[in-house]
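The values are calculated or read from the model by the stated rules, or taken from the named source; none is laboratory data. If you're wondering where the values come from, they're calculated on a predicted model, not measured in any experiment. A quick note on method: Cβ atoms are made from the backbone with ideal geometry, for glycine too, and the neighbour counts reach across all protein chains shown. Only protein heavy atoms, including side chains, enter the accessible area calculation; ligands, DNA and RNA are left aside. Shrake-Rupley method; radii C 1.70, N 1.55, O 1.52, S 1.80 Å.
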Amino acid sequence: MERKQYLSKVRRLVVKIGTRLILRAEQPVDLDFLDGLGRQVARLRERDIQTVLVVSGAVALGRRALGLSGRVDQVGLRQAAAAVGQPELMHLYLEALAAHGLRAAQILLTADDMADRSRYLRIRNTVEALLAERVVPVINENDSVSVEGVTFGENDRLAAIVAAKTHADALIFLSDEPGLHTADPKQHPDAELIGLVRPGEGLSHFGGEAGGAESRGGMRKKIEAARMATECGIPVVMAEGTVENVLLRLLDGEPLGTLFLPGEPLAGRKLWIATAREPAGRVVVDEGACRALTSPDGASLLPIGVVEVEGRFAAGDIVEVLGPDRRSLARGIANYSSEELRKIKRLHSREVPRLLGRPGAPEVIHRDNMVVSLEPR
Ligand code: GLU
């Protein structure tokens, strides 16, 4: 019932395709998978459903072409491999979609592109224009130019950001795993598939890392990305890409994989905060502030509740708020720089102007500029 409710009315879909669906060690590219995907995207189009693809595999294809073995962690080499592999990856998707009468377009993104509001709006316009022209956007991280330390890290997160910022109705992660299990099925053969995850359900005990040299994601990253999307009001499914007609069947409400139900949709600035790049710094708050922030009335963060300030940030940067146990509580736009905040932490707001020698906001982070996690991370 719930699946139908969330997935049958989807008009815009973001599908993330993991590297190992097209390329596994020692095996040729899986052209059957790609063909099946092209066919499904064409069928969705006939039903007036727009599809945006977020694809991985540039590094793996480039590595193979260059004869490099194992994981390529050296940055320059990884970026070179991506530069070799990206056109090959695009070629595969172009062919697979063209075989079913679809035109595709390539968009390569860096974390900076998505963090800069004017650039992000331009990208959104481009995606809208492509979809209006019935072209399938095929998106990947621009791995060969991304600056180390500010990359998306893996495409699960990129896909969640793309879904949130293009206002998709659903996000589907296709990989070589059937979904989220009660334990890692590779180590616990009796682990069961979890069909449904509700907002706020604790999942922090899940922690599988990436499954091979090809991909960077892994279950933990996928869960984090799924949470980001559901916090933006988007339902997420994790399912096995090789299941026949998996996309069509999911949208028909068939109970495949794991469905993460969405929370209340975030709009405008809050959506921006939830999906912005990694926070510039952190503030640790005391028990009282922690209670106030997570209470249903939703208070702002005041200087008196701040016990610790970590990292360097400017006023206007996005910072993460940690509870006394260092679990992440919220993200928000700081009204003070890290330097100022170190001076005014633990103080009553009225003492701030005297200490800083200028008038300042009573809040460290105003409630309107804050997104509180649905569950402690
Ligand atoms: N952007 C990387 C690539 O195309 C993949 C990152 C990931 O595995 O998620 O190779």
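For the reader, a short list of remarks on this structure follows.
- Selection of the range 183-221 for residues being modelled with pLDDT of 85 or more, of a type in the set (A, V, I, L, M, F, W, C) and closer than 15 Å to residue 238 by Cα yields 193, 194, 196, 197.
- Scanning the range 336-350 for residues that are among the charged types (D, E, K, R), in contact with a helix residue (DSSP H, G or I) (Cβ under 9 Å, 6 or more places away or on another chain) and part of a helix (DSSP H, G or I) yields 340, 343.
- Scanning the range 54-105 for residues that are more than 12 Å from the ligand (Cβ to nearest atom), open to solvent by less than 40 Å² (accessible area, probe 1.4 Å) and in contact with a Lys or Arg (Cβ under 8 Å, 6 or more places away or on another chain) yields a total of 2.
- Taken over the range 297-322, the criterion of being open to solvent by less than 30 Å² (accessible area, probe 1.4 Å) and either over 15 Å from residue 371 (Cβ atoms) or among the β-branched types (Val, Ile, Thr) (or both) is satisfied by 303, 305, 306, 309, 313, 318, 319, 321.
- Among the residues of the range 334-364, those identified as in contact with a strand residue (DSSP E or B) (Cβ under 6 Å, 6 or more places away or on another chain) and either closer than 14 Å to residue 314 by Cβ or free of Cβ contacts under 8 Å to residues at least 12 places away in the same chain (or both) are 334, 338, 341, 342, 364.
- Verdict on residue 37 being open to solvent by less than 40 Å² (accessible area, probe 1.4 Å) and either assigned to a loop (DSSP other than H, G, I, E, B) or not basic (Lys, Arg) (or both): yes
- Of all residues in the range 249-268 being part of a loop (DSSP other than H, G, I, E, B) and charged (D, E, K, R), the one that is surrounded by the fewest Cβ atoms within 10 Å (Cβ to Cβ): 264
- Whether a residue is among the basic types (Lys, Arg), closer than 30 Å to residue 269 by Cα and surrounded by 22 or more Cβ atoms within 10 Å (Cβ to Cβ) was assessed, and residue 16 passes this test.
- Enumeration of residues in the range 162-204 that are over 30 Å from residue 326 (Cα atoms), β-branched (Val, Ile, Thr) and part of a strand (DSSP E or B): 172
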